[in-house]
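The values are calculated or read from the model by the stated rules, or taken from the named source; none is laboratory data. Owing to the predicted nature of the structure, the values given are computational and were not obtained by experimental measurement. Note that we place each Cβ from the backbone using ideal geometry, even for glycine, and neighbour counts take in every protein chain shown.
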Amino acid sequence: MPLTSAARRYSPVPAGTPSTRQKFGPSPDTIPQAFTVVPLEDHSYLRLHKAVRIIALCQAPSITDGCEDSLHVTDHRGYIIKYPGDFGHCHRNGIKRVAKATRRTVRGVETAAAFAGNISSHPGDVAVSALSSLHQKVDNRARLDTAGIDPDVFFTAQFVVDGHQKRPMEKLLRDAASMDGHPNITGDLKGIIILENGRTFWICDQCRDCLQRGECIDETNYLTLSRYTSLVKRESNMDVTLCNPDSVVILTQTFSEPTKTKKLIIHIDSEPFETPERATGARFISIKNLFNNLGIVLQDQKVTHLEIRGNSTNGEVYIGLQSVLKCRSLETLHVSGIPCFLQGKDLRMKCQCLMELVLQGVIMDTEQAANNLRTLIGRNSDLTSLTVTSAEFTSMSLATLFLQKPKKMRIQFAKLEYLDLSHNDLDAQEAREFVNIALASERPRLRHLDLSNNPKIGDAGSRSVLELLQAKHCKMEQVKMENTRMELGASQHDDVFLSINVQDV
């Protein structure tokens with residue numbers, strides 16, 4: 001959408017302005033300058049009107065980098081603006097006259113009936129309120145046009161800077177705020193004037209504090225408009241990044257109702273969630289609750305492919321994401337960099353349609369974690385691909401995995417076609433035990449095996465595994481044994497094969 005003339009005249013601080021401490025004062029303006037339009041999630045109650053959600057954007061990043069599009073979204077949910085469709089817009093004057101006349105008639109009939117003692121005043125109040133709302137909303141389309149806001153252009157910054165734009169926009173915001181019962185019409189932003197050049201910006205409290213301290217506004221951990229768009233667009237395939245607490249809140253809101261999303265990839269930038277000041281106390285509990293809420297809403301979705309990719313070294317704050325194990329529709333689950341994902345006693349699991357399970361950096365150093373892994377594998381009879389890497393197995397956890405209910409584990413492992421156990425520091429006996437249990441059936445299905453980067457397996461252990469595969473007459477397509485210290489010959493005692501064909505060994 002081309003910018004309006006007023007938006008073209010809007011010019012932030014030129015690029016290259018030093019990010020020194022800014023001197024600023026309060027702005028006399030009453031509404032923000034930058035907005036974005038978001039489609040309304042729930043259309044069930046809409047009949048005569050269309051509706052969109054309008055969100056005010058923080059302009060603080062543009063103060064320091066001079067880029068007009070340097071904006072970010074806060075956790076304020078914005079304002080629902082209802083406006084008539086084309087027919088209502090074209091005939092708004094007639095609709096207003098009919099609504100006004102009907103409202104007076106209803107009020108008169110209600111007064112007479114109440115005087116006669118036949119009815120109470122409540123039905124009339126409801127009718128009059130509805131007619132008043134209709135009378136009011138038919139003008140909103142014209143107000144949007146005057147304010148320079150196009151309700152059909154989503155997730156794009158639109159600016160309201162001229163006086164003739166601000167008046168109708170303020171009316172729209174006040175009406176929307178009164179419907180929600182909140183007097184605030186600024187989206188929790190505050191207007192400031194940069195004293196050096198007299199420019200007005202609307203910024204959030206966090207950015208205001210940064211400017212007062214003379215710090216740059218770093219967009220790395222802010223929810224930019226592009227990141228926000230990825231969080232709220234309910235598409236069949238979604239790839240999102242959680243970069244701060246606001247992003248977790250917004251993604252939770254997106255999935256608080258049923259969606260058509262089938263494939264969801266969540267990247268978690270752990271740094272903003274695991275800063276020292278958030279490591280303990282009330283802030284830690286608050287962030288932990290955010291991820292608890294996200295896990296709860298995801299468990300009720302019809303997602304079939306879910307990936308959660310983090311880079312945490314502890315991960316306790318993300319423990320609530322375990323709730324996704326209750327999602328019955330999951331066919332593929334990929335979790336990486338969330339060490340505590342399977343920790344805890346007797347996790348409740350309802351997923352039973354998994355065909356592919358990938359756990360990378362999910363720690364299995366306790367009996368409870370191993371027990372949860374065994375339960376997860378046991379519940380999913382269609383599982384054909386299993387990846388468990390960098391799990392830090394211990395003798396206790398391996399004993400739990402293999403010795404408790406071994407028959408059921410053998411049945412499930414025998415269905416695997418792909419098994420990746422790389423980077424687990426397994427020794428020869430442990431590696432052989434994994435392979436042996438995967439070859440328990442008379443006709444094993446295993447086609448791909450990865451034992452690479454387990455140097456404790458050694459040459460004897462590697463050849464023992466290969467002999468076991470040959471003895472079972474497996475139709476292997478690929479075996480990876482890199483960095484297991486398998487010898488190629490008498491003079492070479494280090495690395496081996498990136499890939500070998502069992503039939504050729």
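Odds and ends about this structure:
- Failed item, numbered, when Ala438 is tested on (1) touching a strand residue (DSSP E or B) at 6+ places or on another chain (Cβ under 6 Å); (2) surrounded by fewer than 21 Cβ atoms within 10 Å (Cβ to Cβ); (3) of a type outside the set (S, T, N, Q): (2)
- Residue satisfying condition, being under 36 Å from the mean Cα position of the chain (by Cα), at pLDDT 90 or above and farther than 14 Å from Val479 by Cα, within set Asn454, Asn424: Asn424
- Pair list, Cβ under 9 Å, 6 or more apart: segment 336-353 residue acidic (Asp, Glu), other residue not in a loop (DSSP other than H, G, I, E, B): Asp346/Gln368; Asp346/Asn371; Asp346/Asn372; Asp346/Thr375
- Screening Pro123 with (1) in a helix (DSSP H, G or I); (2) modelled with pLDDT of 85 or more; (3) surrounded by fewer than 16 Cβ atoms within 10 Å (Cβ to Cβ) gives one miss only, at (2).
- Scanning segment 332-348 for residues that are surrounded by fewer than 18 Cβ atoms within 10 Å (Cβ to Cβ) and either among the aromatic types (Phe, Trp, Tyr) or farther than 16 Å from Arg309 by Cβ (or both) yields a total of 4.
- Given (1) in contact with a helix residue (DSSP H, G or I) (Cβ under 9 Å, 6 or more places away or on another chain); (2) in a loop (DSSP other than H, G, I, E, B); (3) under 21 Å from Thr366 (Cβ atoms), index of the condition His423 fails: (1)
- Ser70 being part of a loop (DSSP other than H, G, I, E, B), at pLDDT below 60 and closer than 26 Å to Leu189 by Cβ: no
- Residue tally, condition more than 19 Å from Thr332 (Cα to Cα), surrounded by fewer than 19 Cβ atoms within 10 Å (Cβ to Cβ) and out of contact with any helix residue (DSSP H, G or I) (no Cβ under 6 Å at 6 or more places or on another chain), over segment 367-389: 1
- Failed item, numbered, when Met238 is tested on (1) closer than 14 Å to Thr74 by Cβ; (2) crowded, with 18+ Cβ neighbours inside 10 Å: (1)
- Scope segment 154-209; condition surrounded by 16 or more Cβ atoms within 10 Å (Cβ to Cβ), within 25 Å of Ser230 (Cβ to Cβ) and hydroxyl-bearing (Ser, Thr, Tyr); matching residues: none
- For segment 72-87, filtering for residues that are of a type in the set (A, V, I, L, M, F, W, C) and surrounded by fewer than 24 Cβ atoms within 10 Å (Cβ to Cβ) leaves 2.
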